[in-house]
1. Output the residues belonging to the range 53-89 that are closer than 16 Å to GLU6 by Cα and among the hydrophobic types (A, V, I, L, M, F, W, C).
2. Residues that are open to solvent by 20 Å² or more (accessible area, probe 1.4 Å), at least 2 per element: which strands (runs of 3 or more DSSP E) completely within the range 12-121 meet that?
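The values are calculated or read from the model by the stated rules, or taken from the named source; none is laboratory data. All values reported here derive from a predicted model rather than from experimental measurement. Calculation scope for accessible area: heavy atoms of the full protein, side chains included, ligands and nucleic acids excluded. Shrake-Rupley method; radii C 1.70, N 1.55, O 1.52, S 1.80 Å.
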Amino acid sequence: QVQLVESGGGLVQAGGSLRLSCAASGIRVSINAMGWYRRAPGKQRELVATISSGGSTNFQESVKGRFTISRDNAKNTVYLQMNSLKPEDTAVYYCNSYLAPTGPNYTLHSWGQGTQVTVSS
């Protein structure tokens, strides 16, 4: 059974940083395409960043240059480093995996509980 557990969120002032973690079990992050997603209050869940099995990364335009995505294969964990945070980054953040042919909008597993990120102005 696949389990994805997000952590690392919190309350931070604008301009601050947080590092989110996604600990996976039941899948190997080293061979799966992984994505970070977020859902802001009153909005639909959106894709934030992806990392392919080969290590290529992509980012939503609004977070380019501020966020990085990485993984630790030994820990089977995917990270989202968030710098220069803005109030509009406030959301619950989730991770999931997807198949490259179908893309990150078609996730493979049930959503975890997510981790709340709140950025104050």
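1. ILE69, VAL78, LEU80, MET82
2. Working: elements: 18-25, 33-39, 46-51, 57-59, 67-72, 77-82, 91-98, 115-120.
The qualifying strands (runs of 3 or more DSSP E) are 18-25, 46-51, 57-59, 67-72, 77-82, 91-98, 115-120.
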